[in-house]
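Engineer: Sending over a structure as structure tokens; questions will come in a sec.
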Amino acid sequence: MVHELSKSNSILNQFITEIRNKDVQKDPLRFRKNLERMGEIMAYELSKKLDYAETKVETPLGIATVNQLKNQPVIASILRAGLTLHTGILNFFDHAENAFISAYREEKDGGEIKVHVEYLASPDLNGKTLIIADPMLATGQSMSLVYEAILRNGTPAKIHTVSAIASRQAIDYVSKHLPTGTEIWVAVIDEELNSNSYIVPGIGDAGDLAFGLKL
Ligand code: URA
């Protein structure tokens, strides 16, 4: 199931506009903050699909009944660009466990992209709800490789992916390569990928915009 949140008008669209704008992008603090705020909004929307149980809370004046999350999710992020979105999601799931995984794109001559998955730090995932955050879902290959790598630590009961921008191609790829029932949350879907597998119009390189150029 694909949820493209920009389809309904909300303040999210303001943040999408700002992360895309090449002048606003010159301010990395603002770029990081906007991705974090997008993570918060997507965490809120996704939270409506989780399981809740009725609980009682004692106020100074009496007892109130509230529905509370039954289980906290595990939030997994792909380094390094995922960190900003991750922070936003974690802001709303206070007690979530966290997993980090490295995936980098080696751009080969002729435009071929090879994705390397190396570092993995993850809790036990058996039976848990796993949220995988990757701001730019370009081909969907990294998301799928990360999913396969993370299975070393158990099989989640349910998976949600969270991205700021996805290409149409990546949505199709992830829908085919992640388990049935996976929910794909994305702020906006762009139709094009260029020959270097960058999303067009997209935003450019999310990792560089958030954290600076790398060698
Ligand atoms: N990663 C990015 O940061 N941007 C893209 O457009 C694609 C992958």
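Engineer: What number of residues within region 44-98 are acidic (D, E), farther than 24 Å from L12 by Cβ and either surrounded by 13 or more Cβ atoms within 10 Å (Cβ to Cβ) or without any contact (Cβ under 8 Å) to a residue 12 or more places away in the chain (or both)?
Structural biologist: Adding up the residues that qualify gives 2.
Engineer: Do any strands (runs of 3 or more DSSP E) entirely within region 51-137 hold 2 or more residues that are at pLDDT below 95 and within 16 Å of the ligand (Cβ to nearest atom), and if so, which?
Structural biologist: 74-79, 97-107, 113-121
Engineer: May I ask you to list the residues in region 120-153 that are surrounded by fewer than 17 Cβ atoms within 10 Å (Cβ to Cβ) and closer than 12 Å to A76 by Cβ?
Structural biologist: L120, A121, P123, L151
Engineer: Just give me the residues in region 161-175 being within 19 Å of A81 (Cβ to Cβ), out of contact with any helix residue (DSSP H, G or I) (no Cβ under 7 Å at 6 or more places or on another chain) and among the polar types (S, T, N, Q), in sequence order.
Structural biologist: Within region 161-175, S163, S167, Q169 qualify.
Engineer: For region 178-194, how many residues meet the condition of being more than 14 Å from the ligand (Cβ to nearest atom), crowded, with 16+ Cβ neighbours inside 10 Å and small (G, A, S)?
Structural biologist: 0
Engineer: Moving on to the next point. Would region 143-151 turn up any residue that is modelled with pLDDT of 95 or more, closer than 25 Å to E40 by Cα and β-branched (V, I, T)?
Structural biologist: Taking every residue of region 143-151 in turn, none turns out to be modelled with pLDDT of 95 or more, closer than 25 Å to E40 by Cα and β-branched (V, I, T).
Engineer: Tally the residues that are touching a helix residue (DSSP H, G or I) at 6+ places or on another chain (Cβ under 7 Å) and within 21 Å of L46 (Cα to Cα), restricting the search to region 4-31.
Structural biologist: Residues meeting the conditions: 6.
Engineer: I would also like to ask the following. Hey, among S175, S197, which residue is surrounded by 14 or more Cβ atoms within 10 Å (Cβ to Cβ), within 11 Å of the ligand (Cβ to nearest atom), of a type in the set (S, T, N, Q) and touching a residue at least 60 places away in the same chain (Cβ under 8 Å)?
Structural biologist: None of the others qualify; the one that does is S197.
Engineer: Quick check on G207: is it under 19 Å from H86 (Cα atoms) and near the ligand (Cβ under 10 Å from one of its atoms)?
Structural biologist: yes
Residue by residue, here is whether (1) of a type in the set (G, A, S); (2) over 16 Å from the mean Cα position of the chain (by Cα); (3) over 18 Å from D190 (Cα atoms) holds:
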position	(1), (2), (3)
L120	no, yes, yes
K128	no, yes, yes
I131	no, no, yes
V146	no, no, yes
G154	yes, yes, yes
T161	no, no, no
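Engineer: Do we find that E112 is of a type in the set (D, E) and either farther than 25 Å from A187 by Cβ or in contact with a Cys (Cβ under 7 Å, 6 or more places away or on another chain) (or both) in this structure?
Structural biologist: Yes, satisfied.
Engineer: Another one. Answer with yes or no whether R168 is closer than 23 Å to D124 by Cβ, surrounded by fewer than 23 Cβ atoms within 10 Å (Cβ to Cβ) and either away from the ligand (no atom under 16 Å from the Cβ) or not β-branched (V, I, T) (or both).
Structural biologist: no
Engineer: I've got another one for you. (1) touching a helix residue (DSSP H, G or I) at 6+ places or on another chain (Cβ under 8 Å); (2) under 17 Å from I89 (Cα atoms); (3) surrounded by fewer than 24 Cβ atoms within 10 Å (Cβ to Cβ): which one isn't true of K158, the others all being true?
Structural biologist: (1)
The values are calculated or read from the model by the stated rules, or taken from the named source; none is laboratory data. Since the structure is predicted, the reported quantities are computational estimates derived from the model, not experimental observations. Here Cβ is always computed from backbone atoms with ideal geometry, including for glycine, and neighbour counts include all displayed protein chains.
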